[in-house]
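J.: Structure below; questions to follow.
The values are calculated or read from the model by the stated rules, or taken from the named source; none is laboratory data. Just so you know, these numbers come straight off a predicted model, no measurement behind them. Using ideal geometry, Cβ is built from the backbone for each residue, glycine included, and neighbour counts are taken over all protein chains shown.
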Amino acid sequence: MKCSPILTLLQQHRLVAHAPAATPVLLGLNSSAIYLGVALGGALGGIFQSWIAPVWLGIPAAGATLLAFLLTLATARSRKRVAVEEPSLATN
């Protein structure tokens with residue numbers, strides 16, 4: 001996928017904007033989820049390839065894509081951003 005690095009960057013920006021204090025943990029979990037998804041995709045592709053002819057692999061792939069799209073829609077946050085005040089590190 002040619003746009004994969006761009007999508008990864010956008011997802012990381014979304015995570016960091018959501019919880020800046022937990023950036024290292026969030027980016028680590030995000031990377032782990034990406035690796036898990038790549039491994040799971042290969043494993044499921046191999047399983048489906050053993051069950052059905054390769055010419056029909058587009059159907060489960062389209063189903064997985066539709067499921068990911070629906071999950072994205074279900075978890076999308078609203079475009080309205082609420083300003084969150086960060087506590088100051090300086091002591092008065």
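J.: Which of the residues that make up the range 53-84 are in a loop (DSSP other than H, G, I, E, B), of a type outside the set (Lys, Arg) and either surrounded by 10 or more Cβ atoms within 10 Å (Cβ to Cβ) or modelled with pLDDT under 85 (or both)?
T.: Quick first cut of the range 53-84, residues in a loop (DSSP other than H, G, I, E, B) only: 53, 57, 76-84.
Filter once more, keeping what is of a type outside the set (Lys, Arg): 53, 57, 76, 78, 82-84.
Across the range 53-84, the qualifying residues are Leu57, Ala76, Ser78, Val82, Ala83, Val84.
J.: For Leu29, work out the one condition from (1) over 21 Å from Ala76 (Cα atoms); (2) free of Cβ contacts under 8 Å to residues at least 12 places away in the same chain; (3) of a type outside the set (Ser, Thr, Tyr) it doesn't fulfil.
T.: All conditions are met except number (1).
J.: When you check Gly37 against the structure, is it at pLDDT 80 or above, part of a helix (DSSP H, G or I) and over 12 Å from the mean Cα position of the chain (by Cα), yes or no?
T.: Values: at pLDDT 80 or above: yes; part of a helix (DSSP H, G or I): yes; over 12 Å from the mean Cα position of the chain (by Cα): no.
For Gly37, the condition - at pLDDT 80 or above, part of a helix (DSSP H, G or I) and over 12 Å from the mean Cα position of the chain (by Cα) - is not met.
J.: Could you tell me which of the residues Ser88, Ser31, Ser50 is under 24 Å from Ala19 (Cα atoms) and at pLDDT 85 or above?
T.: Among Ser88, Ser31, Ser50, only Ser31 is under 24 Å from Ala19 (Cα atoms) and at pLDDT 85 or above.
J.: Can you name the residue in the range 8-42 that is among the hydrophobic types (A, V, I, L, M, F, W, C) and under 22 Å from Gly58 (Cα atoms) and, of all such residues, is surrounded by the most Cβ atoms within 10 Å (Cβ to Cβ)? Lay out the reasoning, then the answer.
T.: We begin by selecting, within the range 8-42, every residue among the hydrophobic types (A, V, I, L, M, F, W, C); these are 9-10, 15-17, 19, 21-22, 25-27, 29, 33-34, 36, 38-40.
Narrowing the set further to residues that are under 22 Å from Gly58 (Cα atoms) leaves 34, 36, 38-40.
On the way: Ile34: 13, Leu36: 10, Val38: 10, Ala39: 10, Leu40: 11.
Filtering the range 8-42 for residues that are among the hydrophobic types (A, V, I, L, M, F, W, C) and under 22 Å from Gly58 (Cα atoms), the one surrounded by the most Cβ atoms within 10 Å (Cβ to Cβ) comes out as Ile34.
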